[in-house]
1. Name every residue in the stretch 375-399 that is closer than 18 Å to residue 293 by Cβ, assigned to a strand (DSSP E or B) and of a type outside the set (A, V, I, L, M, F, W, C), in order of residue number.
2. Name the residues in the stretch 512-528 that are more than 25 Å from residue 389 (Cα to Cα) and modelled with pLDDT of 85 or more, would you?
3. Quick one: how many residues across the stretch 505-529 are surrounded by 14 or more Cβ atoms within 10 Å (Cβ to Cβ) and either over 30 Å from residue 613 (Cβ atoms) or not hydroxyl-bearing (Ser, Thr, Tyr) (or both)?
4. For the stretch 567-609, which residues satisfy the criterion of being open to solvent by 30 Å² or more (accessible area, probe 1.4 Å), assigned to a strand (DSSP E or B) and hydrophobic (A, V, I, L, M, F, W, C)?
5. Is there any pair linking a residue in the stretch 576-593 that is closer than 26 Å to residue 393 by Cβ to one that is among the charged types (D, E, K, R) and assigned to a loop (DSSP other than H, G, I, E, B), with Cβ under 7 Å and at least six apart or on different chains, and which?
6. Return yes or no: is residue 346 open to solvent by less than 10 Å² (accessible area, probe 1.4 Å) and either without any contact (Cβ under 8 Å) to a residue 12 or more places away in the chain or not in a strand (DSSP E or B) (or both)?
7. Let me confirm something: among 244, 265, which residue is among the hydrophobic types (A, V, I, L, M, F, W, C), assigned to a loop (DSSP other than H, G, I, E, B), open to solvent by less than 10 Å² (accessible area, probe 1.4 Å) and at pLDDT below 90?
8. Condition first: modelled with pLDDT under 80, β-branched (Val, Ile, Thr) and outside any strand (DSSP E or B). Now tell me which residues in the stretch 610-643 satisfy that.
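The values are calculated or read from the model by the stated rules, or taken from the named source; none is laboratory data. Remember, predicted model here, so these are calculated numbers, not experimental data. All Cβ positions, even for glycine, are placed from backbone atoms using ideal geometry, and neighbour counts span all protein chains on display. Remember, those area values only see protein heavy atoms, side chains included, never the ligands or the DNA or RNA. Shrake-Rupley method; radii C 1.70, N 1.55, O 1.52, S 1.80 Å.
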Amino acid sequence: WNTRSCSRSAHEQGIIHRDLKPANIKVRADGTVKVLDFGLAKALDAHASSATADAMNSPTITSPAMTQAGMILGTAAYMAPEQARGKTVDRRADIWAFGAVLFEMLTGTRAFRGEDVTDTIVSVISKEPDWSLVPGTTSAGLRRLLTRCLKKDAKSRLQAIGDARVQIDELLSGAPEDGGSATPTTQAAAASARGRRPLLAALAVAAALAAALAVPALRHLREAPPLAPPETRLQVVTPATSDVRSFALSPDGRQIVFAADGGGVAGLWLRPLSSATARALPGTEGANLPFWSPDSQSIGFFAGNALKRLDLAGGVPQTVASVSAGYGGTWNADGVILFAPNSAVTPLFRVSSTGGTAVPVPQRGLPADGHSTPQFLPDGRFLFFVRGGSDVQGIYLGALDGDAPTRLVAADAGGAYLPAHASAAGASAIGEGGWLLWLRLGTATLVAQPLDLATTTLVGEPVTLADGVATDSRLNMPAISVAPGLVAYRSGDGNGRQLTWMDRSGTPRGVVGPRDSTLSNPSVSPEGQRVAVARVTQRYANVWLFDGLREGRLTSEPRADRFPVWSADGARVVFSRVEAAINLYQKRRNGSGEAEPVLASDESKVATSASKDGRFVFYNSVSNETNVDIWVAPLTGDRTPAV
């Protein structure tokens, strides 16, 4: 193995890693040990006491009031007890993590385990490792070092990582312990060569790891490549919800708001990052897709076919504008809210944050619909997502004045803009801009790439931030949120959705089809036995029919078919198909024949219901003058629509 030495260690310079774990330790072919991912590393005041240090330096914030709620900076299984409690941490937290890693190298088992994050944190705080798992060939000196590294009281813990390296080097050299002698003969008597080889290998890696921690991490951060990813990453875990995208970090990075939809906690909840508890926000029942005012004092959200705002200083939510659904909003310093009232059929709209008439913000050269997920940039322009064919779909940079937008990258879902900040390594190399975050095409991998706003171009190469990031495929929104220096994301598949039969009293009476996170726009047949539903992925949307647990595809890829509606006799399904515009089609329930056009025109159309006599279909269409209008079109004969 190969290590470097320096006159002052990282810890002596007030730098702690805060996320030391096996995944961040790599051994090269030549034996060199590398400590990676200083994303959570932070320079602390080396002279600050635990009583006066900034509480925001703590990497752990948990919520005893809501077991599933909380935020973890770092990895629970390797956190020191003070870190898991949300207290201030110093270099002794890294020493604890070093001990946890060494225990795992010796035993092949984590020192602290649990079924989930909460159980693991409880284990860290209140339980001891299973010391019986440590191999019998382990020397008494190494056992003492291990127990000192894993003392729950930081004052009793090993105080300097350099001491660990010295002790391990002595053990590797065969130096006698406690004044005794150590010869090849006595060592062989203690353990067989086969039993000692894994132990020696673990000691070698541990010695190199201790040395690597002594490398000046401050220099590591300052000498980072100019196109390094953002320094800090924040992984967010919230209560169970079917709405994976409904959370947002405040612009000042001090709070997070998130939505919950079950378990007695429905609505928006607010969590200061300096607190261990979250509180419900009254009047936000049914809310989704929250976003912040630029001063972090108010929250915008969608609920009950309305765009609303809530001032955190007091009062009740106020309606700002009407929407048919709500597909994302953003708020700038001039008091303008830019929002998507319905991504399928509209451009973006703007309205004053105090309310008033919402007006469309069409983007020259783009289809006038399918725009969603806006986010204002500091210079007044905004990111937004456009759904469409491969030559159109992607993340764009637009402007309120209607200048022709620029497609930044082809994508399956919207992105986010992370401003460069003074402490970010290589920020000056980005130019006039920050980072564009998005999911790689066809994957759940979150990447970041510098965005130069002066030239509206991406520069350098994208870097990976996280894998397995959840996406709301209906809204084409990844489950991410940003604040200067912070990236929050939700992992997983968003818990899935399950169609459930309910009686008029609200009692569940059975399920329909499989649990599936892509289900959207269900429509029950007239006889009440079948359900037509859209399955919306990032690439395609198709109509499926469910009969109990049986299912069958009505339309096929690579179409984009959504919003199914049954005819009055249940023999046909009318739906919307995304083409140059969104047009109406119908198809026989048994799937025979091709889909028959019902109405094609320049306006986008979404079917809402069919008349009881089977002659007409009602649909919504968008007008720049009147927003969303209700139209009716005959299903047979002359198909001329009427408003």
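1. Of everything in the stretch 375-399, just one residue is closer than 18 Å to residue 293 by Cβ, assigned to a strand (DSSP E or B) and of a type outside the set (A, V, I, L, M, F, W, C), namely 375.
2. 523, 524, 525, 526, 527, 528
3. 11
4. Result: 578, single match.
5. 577/559; 581/602; 581/603; 582/369
6. When the stated conditions are applied, residue 346 passes them.
7. Selected residue: 244, the only one of 244, 265 that is among the hydrophobic types (A, V, I, L, M, F, W, C), assigned to a loop (DSSP other than H, G, I, E, B), open to solvent by less than 10 Å² (accessible area, probe 1.4 Å) and at pLDDT below 90.
8. 626, 643
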